[in-house]
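See below for the structure under consideration.
The values are calculated or read from the model by the stated rules, or taken from the named source; none is laboratory data. If you're wondering where the values come from, they're calculated on a predicted model, not measured in any experiment. All Cβ positions, glycine included, derive from the backbone under ideal geometry; neighbour counts span all protein chains shown.
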There are 4 protein chains.
Amino acid sequence: MTFSASVIGASGFTGGELLRLLDGHPQFEITQATSRKYSGRSVGYTHPNLRDLKLKYSSPEKLEPVDVLFVATPHGVSMSKIDAFSEASNVVVDLSADFRLKDPLKYDEYYDGHSCPELLEKAVYGLPEIHRDDLKSAKLIACGGCNSTVTILGLYPLFKSGLLTLEDIIVADIKVGSSEGGASRSTSSHHAIRSGIVRPYAPISHRHEAEIEQELGAKVAFTVHAVDMIRGAAATCHIFPTKQDLSKSLLWKAYLDSYGEEPFVRLLSGTGGNYRYPEPKVVAGTNNVEIAFEIDERNNRIVVFSAIDNMMKGSAGQAIHAANIAFGIDETIGLSHRSLHPTGAP
Amino acid sequence: MTFSASVIGASGFTGGELLRLLDGHPQFEITQATSRKYSGRSVGYTHPNLRDLKLKYSSPEKLEPVDVLFVATPHGVSMSKIDAFSEASNVVVDLSADFRLKDPLKYDEYYDGHSCPELLEKAVYGLPEIHRDDLKSAKLIACGGCNSTVTILGLYPLFKSGLLTLEDIIVADIKVGSSEGGASRSTSSHHAIRSGIVRPYAPISHRHEAEIEQELGAKVAFTVHAVDMIRGAAATCHIFPTKQDLSKSLLWKAYLDSYGEEPFVRLLSGTGGNYRYPEPKVVAGTNNVEIAFEIDERNNRIVVFSAIDNMMKGSAGQAIHAANIAFGIDETIGLSHRSLHPTGAP
Amino acid sequence: MTFSASVIGASGFTGGELLRLLDGHPQFEITQATSRKYSGRSVGYTHPNLRDLKLKYSSPEKLEPVDVLFVATPHGVSMSKIDAFSEASNVVVDLSADFRLKDPLKYDEYYDGHSCPELLEKAVYGLPEIHRDDLKSAKLIACGGCNSTVTILGLYPLFKSGLLTLEDIIVADIKVGSSEGGASRSTSSHHAIRSGIVRPYAPISHRHEAEIEQELGAKVAFTVHAVDMIRGAAATCHIFPTKQDLSKSLLWKAYLDSYGEEPFVRLLSGTGGNYRYPEPKVVAGTNNVEIAFEIDERNNRIVVFSAIDNMMKGSAGQAIHAANIAFGIDETIGLSHRSLHPTGAP
Amino acid sequence: MTFSASVIGASGFTGGELLRLLDGHPQFEITQATSRKYSGRSVGYTHPNLRDLKLKYSSPEKLEPVDVLFVATPHGVSMSKIDAFSEASNVVVDLSADFRLKDPLKYDEYYDGHSCPELLEKAVYGLPEIHRDDLKSAKLIACGGCNSTVTILGLYPLFKSGLLTLEDIIVADIKVGSSEGGASRSTSSHHAIRSGIVRPYAPISHRHEAEIEQELGAKVAFTVHAVDMIRGAAATCHIFPTKQDLSKSLLWKAYLDSYGEEPFVRLLSGTGGNYRYPEPKVVAGTNNVEIAFEIDERNNRIVVFSAIDNMMKGSAGQAIHAANIAFGIDETIGLSHRSLHPTGAP
């Protein structure tokens, strides 16, 4: 059985990734790919990896009815168009921040407010590792932010298992690629300015803090650096636990309890070879998250490393994964990509 | 129906790429992956993208009988072991240079001679676009070099159609990534030395000249530059034709006659978008070659651009493609990968 | 003795490089750095390497009289403002294309025409290696384009010495960095689109062809590729000489005759170490051009490699060099920078 | 007045940087550059930026007497040769770890022990910002490690001013380039393996922890990541102060008190432009450290960013700076380099 699917905002980076995934998915069929700017052009015009697709952008004004609508527009668009989206499709998967937070006040604090706060409770946060059951009947799915996703997935088992408490100090030091900022132009995204950098672009108060606190129930001190890659998000979480004697085996148990059956989580042991710990190159193009940890006894610290492809597990891949669950099909379908080795900046 | 396959020299870059392709191929099943150095270790130790494979390196000393043997060893190994390889398998696909050239004297000129020249005639050069019929019954397949492949595929239709003559001056200016040199260490492949370069590493007399001349029947003045990518080979061929009035439509006809039905050749028209001409990023991880041309009337010149992934169309992908043909199965099977967009250095 | 100097268009990449050089130059003193957009801001706002300079952008509307005016504006601006520039300064050094060509018709062919063609004869092309004598009394200096500069310098001795003829076929295959396109934004200069590429951006008919033909008196078939660096231009010239028996010693003689005394030309012999041939990393930040050649007897070809920093020898460094000569001071003053080793993409 | 200087281990990355600095230094003159491997070759063979230097490597066996000896050998060499070094020169500036730590037991804990612990007290740690007075009469100078230097300089004013206490939790999350590992080959430094990474290479227990604790008197939880640059070290320090109400003005006062007169420290305010916070590109090739901070009230955290060029402020530049002080000359002499803008990976 196949389901019809459209992508709103398909000419952006995330929109293109959705098209790549949908085209390779045996149970979704693309109905429309909308773009205001490129309407009438082939999708290969903006996404050279899709040159062989016989699909043209259509105007976002006329949405055909579909089984599922993937929305890859900038923040603020979904909340203003949600009625039209819901009319066109019974299931809406939103990749923006518009429906991620439950608490409307957080939209005032971190964004520019919210125009339909009554829908926030209805939305399901898109991480199957935490919300699989709710996703099964979800009509409005809000995929997590890339930085939040990589942080939440790294820390979740430690909270779920009760090893951490709300008082524990946790730092998340994030390194991300330039696709995160989207395809729009700015002087800071110019190749000559953006290449070769380690640039603190959100030292404090990054918007994704709100999601992390919502999903983990705890505060995480969050700092984001731009580094010289295009796709990829890596989190190094430094944790100072109140509880003593957190052994490696306790931590392994926590991670295995949470993720032992998860199809897209890989736990690494930190031993052997050049790629001992999670890093973005190894997950590029895949829906995997890789996670590893070390215990630093000198400093009474746990260090957790996690890495994702921000355009896959951090957005488009997460969206397809959630949609698979919502439609009751095998949740790994269309998501079994392998990364390349060796390769350059992801 | 499935066929058993082993990879000799599986811990190298090309060996790993073969494993990636074979694992995703519905009609080949991996029997052995040999490595002298890593025997007993998991293949994921060297190839992090294969971490989930339950496959350990075995010693190259004990080869089990298989339907097809892929050999990814350094030049010189295949010719010395060809008896053992042929005993283990009815079909040998060699990715080294050992059986590419028909003329034994060329091995004296460009390499260190040849130890079994009598086998050279038996081998079939691995490019299906030129040797598809011979590949169908081939027992020894010699995959082309990456630089030769990208050059030959760019120029072949112009010779086949008779638009070029043997007197025409042709320059092939090549730009390649660091995977071409293999995984072995040298000061020149150190990250600090190799990053950010445009380095003429083979100004003249590159070994691949011999293959190009063999396949095209004409001399090509060949120069290779190392640039800052890992996989990828791009050729810019500058052609000064003796024949006058070579119009765009004549050239298009030549390319379409040769490649109109080819599953892995994409002809680009040079119009529109940021990716108008062939470039390695767009073919990374795929078995595609992209080709475009322009006519420079001011200089009575034709410029042909072609780009491949040196590890795919330039070696492992070409090998699988040729093997598909040799085994009479759909030749595109296991090779329908898409590249990522956007992404960094391939 | 010091001379006062202003930079018009100082907030761009080349403008910033001029400021860097002028600040370190013992005999020039910066009077104004103009920028329409950033007027009133510190120059360190756009050029972080100049953070310690106590210098603010001023409006280009009010030019103070100075000894020399460096103009780093987009093509077309200089020709429209040349009266104001000449009023403000007795010596104008223009880094745009506006006064490079002697033949006004070439501006129709390659640009959008010219508004003051009568000045073209007066301008001196900025390469001291060719026009040193004329530069001594020049009032209007037109610095060469970066791609033209690297090509002209590589080929000039072969023409000057008479080793090449006007009938010889010459290909210049160029690889350049992203600073060449300037600081203005476009989708093609976005980091995610521009990273990791080997992109033919000017397959034929690049504007710099006109300069090259003017300076060498011969046609050069010219193709430009964008590669993953920020500054740097590398030319590989493939030459098919009509004259036979061009030996290495004849070529060395030609290069030494032209460049033996040149302070910024380095001839490399192609032997030893990892950096045997010219490459942009080694000249980054310097005013040097490095040149090497090989004779390819199999193909009756000469290959010449040359590399410059497009922002130094290819624009701002060339400008200071020419100004040094015009003011009769030691021509190497303020230009004795060394590159870094090791380092990444230049 | 000039002083004679030799470099031991001059063919390595740091050795080459010392040669670059010494050659441009008006008061030091190079006597010997030793290299066991390249003895007899020109220094330009390994360091292409020094091609114009008429200087050949000599054997380390025969040291001529000099005023100052710079030692850039791997850890363990200096302690075994210190007698010969001290015989050759009255002042030894060691860039290895051999004399950095005061406590011999730390060498047992973090290294392989120490063979002349009695000398440890005599050595002066090379950071002028902390040890300027002691450096004036120092005979044995131990330059700090690059990761330690960038961390110590970021945190030092907060401890000196008493704003932090020994109980405060501090995380230093470090990002470094590949020159840090030196020029020796390993599979992990291969371009194809090392490019484009964010790789946790020292999750815990990095040796530089010991230096940091010694210099600051407090524990810092330390984690080091390799990223895709060649030179550069960036530290993000996350501090959870016990003292409340640490305002921006208090912090500014602390930094200005410590660094207000420091010639190589730049304090950034985090406002304006694309380069608001410290980053390695902006300090590449210079002896500067850039520092900025933010207060994160939501998390009761201070974030301090600092960036250096690991080969300059993090080793060779620090060495020259310290030597300037030891010889009583202007301490900024020979160290007034500017970085390039724009440029690629440092």
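So which of B:His206, B:His225 is touching a Lys or Arg at 6+ places or on another chain (Cβ under 7 Å) and within 12 Å of chain C (Cβ to nearest Cβ)?
B:His225
Taking the condition over 30 Å from C:Arg276 (Cα atoms), buried (at least 24 other Cβ atoms within 10 Å of the Cβ) and of a type in the set (A, V, I, L, M), does B:Val304 pass?
Considered against the rule, which asks whether it is over 30 Å from C:Arg276 (Cα atoms), buried (at least 24 other Cβ atoms within 10 Å of the Cβ) and of a type in the set (A, V, I, L, M), B:Val304 comes out as no.
Just name the residue that is nearest to D:Pro74 (Cα to Cα) out of those in the range D:105-150 that are in contact (Cβ under 8 Å) with a residue 12 or more places away in the chain and among the hydroxyl-bearing types (Ser, Thr, Tyr).
Restricting to residues being in contact (Cβ under 8 Å) with a residue 12 or more places away in the chain and among the hydroxyl-bearing types (Ser, Thr, Tyr), the top hit is D:Tyr111.
Could you grab me the full set of residues in the range A:245-262 that are part of a helix (DSSP H, G or I) and farther than 19 Å from A:Asn300 by Cα?
Of everything in the range A:245-262, those that are part of a helix (DSSP H, G or I) and farther than 19 Å from A:Asn300 by Cα turn out to be A:Lys253, A:Tyr255, A:Leu256, A:Asp257, A:Ser258, A:Tyr259.
Just checking, which of D:Gly217, D:Gly232 is on the phi > 0 side of the Ramachandran plot and either of a type in the set (Ser, Thr, Tyr) or within 10 Å of chain A (Cβ to nearest Cβ) (or both)?
D:Gly232
Anything in the range C:90-99 that is surrounded by 24 or more Cβ atoms within 10 Å (Cβ to Cβ) and out of contact with any Lys or Arg (no Cβ under 9 Å at 6 or more places or on another chain)? List them, or say none.
C:Val93, C:Leu95, C:Asp98, listed by residue number.
Looking only at residues that are at pLDDT below 95 and facing another protein chain (nearest Cβ under 10 Å) in the range A:235-271, which one is nearest to A:Ala192 (Cα to Cα)?
Going through the qualifying residues, I end up with A:Gly270.
In the range B:299-315, is there at least one residue being out of contact with any Lys or Arg (no Cβ under 9 Å at 6 or more places or on another chain), farther than 30 Å from C:Ala233 by Cα and assigned to a strand (DSSP E or B)?
No, the conditions are met nowhere in the range B:299-315.
Filter the range C:104-114 down to the residues that are touching an Asp or Glu at 6+ places or on another chain (Cβ under 9 Å) and assigned to a loop (DSSP other than H, G, I, E, B), then identify the one that is surrounded by the fewest Cβ atoms within 10 Å (Cβ to Cβ).
C:Tyr111
Do you know which of the residues in the range D:1-16 that are surrounded by fewer than 24 Cβ atoms within 10 Å (Cβ to Cβ) and out of contact with any strand residue (DSSP E or B) (no Cβ under 9 Å at 6 or more places or on another chain) is modelled with the highest pLDDT?
Selected residue: D:Gly12.
Based on this model, can you work out whether B:Ser78 counts as at pLDDT 95 or above, part of a helix (DSSP H, G or I) and over 26 Å from C:Asn300 (Cβ atoms)?
Judged against the criteria, B:Ser78 is a match.
Checking the structure you have, find out if any residue of the range C:310-318 is within 13 Å of chain D (Cβ to nearest Cβ), of a type outside the set (S, T, N, Q), touching a residue at least 24 places away in the same chain (Cβ under 8 Å) and in contact with a Pro (Cβ under 9 Å, 6 or more places away or on another chain).
yes
Does the range D:38-82 hold any residues that are within 20 Å of D:Gln27 (Cα to Cα) and either more than 10 Å from every other protein chain (Cβ to nearest Cβ) or in contact with a Cys (Cβ under 7 Å, 6 or more places away or on another chain) (or both), and which are they?
Selection gives D:Lys54, D:Leu55, D:Glu64, D:Pro65, D:Val66, D:Asp67, D:Val68, D:Leu69, D:Phe70, D:Val71.
Kindly indicate which of B:Ser58, B:Ser42 is touching a residue at least 24 places away in the same chain (Cβ under 8 Å), in contact with a strand residue (DSSP E or B) (Cβ under 8 Å, 6 or more places away or on another chain) and closer than 27 Å to D:Ile193 by Cα.
Selected residue: B:Ser58, the only one of B:Ser58, B:Ser42 that is touching a residue at least 24 places away in the same chain (Cβ under 8 Å), in contact with a strand residue (DSSP E or B) (Cβ under 8 Å, 6 or more places away or on another chain) and closer than 27 Å to D:Ile193 by Cα.
Show me the helices (runs of 4 or more DSSP H) found entirely inside the range B:140-244 where at least 3 residues are under 21 Å from the mean Cα position of the chain (by Cα) and surrounded by fewer than 24 Cβ atoms within 10 Å (Cβ to Cβ).
Where helices (runs of 4 or more DSSP H) fall fully within the range B:140-244 and carry at least 3 residues being under 21 Å from the mean Cα position of the chain (by Cα) and surrounded by fewer than 24 Cβ atoms within 10 Å (Cβ to Cβ), they are B:146-160, B:208-216.
Could you please find all residues in the range B:274-333 being over 27 Å from B:Gly12 (Cα atoms) and of a type in the set (D, E, K, R)?
B:Arg276, B:Glu294, B:Asp296, B:Glu297, B:Arg298, B:Arg301, B:Asp330
Regarding the range C:325-346, can at least one residue be identified that is within 17 Å of the chain's Cα centre (by Cα), without any contact (Cβ under 8 Å) to a residue 24 or more places away in the chain and outside the structural domain of C:Leu153 (by TED's automatic domain parsing)?
Yes, some residue in the range C:325-346 is within 17 Å of the chain's Cα centre (by Cα), without any contact (Cβ under 8 Å) to a residue 24 or more places away in the chain and outside the structural domain of C:Leu153 (by TED's automatic domain parsing).
Looking only at the range C:8-27, count how many residues are under 13 Å from C:Ser184 (Cα atoms) and of a type in the set (A, V, I, L, M, F, W, C).
Total meeting the criteria: 1.
Kindly list, by first and then second residue, each pair from a residue in the range A:277-299 that is more than 8 Å from chain D (Cβ to nearest Cβ) to a residue that is at pLDDT below 95 and surrounded by 21 or more Cβ atoms within 10 Å (Cβ to Cβ), limited to pairs with Cβ atoms under 8 Å and residues at least 6 apart or on different chains.
A:Val282/A:Tyr275
Restricting to the range A:176-203, name every residue that is charged (D, E, K, R) and within 7 Å of chain D (Cβ to nearest Cβ).
Residue satisfying the conditions is A:Arg199 alone.
Report, by residue number, each residue of the range C:35-57 that is surrounded by fewer than 19 Cβ atoms within 10 Å (Cβ to Cβ) and closer than 25 Å to C:Ile141 by Cα.
Selection gives C:Arg36 alone.
State all residues of the range D:252-261 that are in contact with a Pro (Cβ under 8 Å, 6 or more places away or on another chain) and surrounded by 14 or more Cβ atoms within 10 Å (Cβ to Cβ); if no residue qualifies, say none.
Once the filter is applied, which keeps residues that are in contact with a Pro (Cβ under 8 Å, 6 or more places away or on another chain) and surrounded by 14 or more Cβ atoms within 10 Å (Cβ to Cβ), the range D:252-261 yields D:Ala254, D:Tyr255, D:Ser258, D:Tyr259.
Select from the range D:42-70 the residues that are more than 20 Å from C:Gly270 (Cα to Cα) and either among the aromatic types (Phe, Trp, Tyr) or assigned to a helix (DSSP H, G or I) (or both) and list them in ascending order.
Across the range D:42-70, the qualifying residues are D:Tyr57, D:Phe70.
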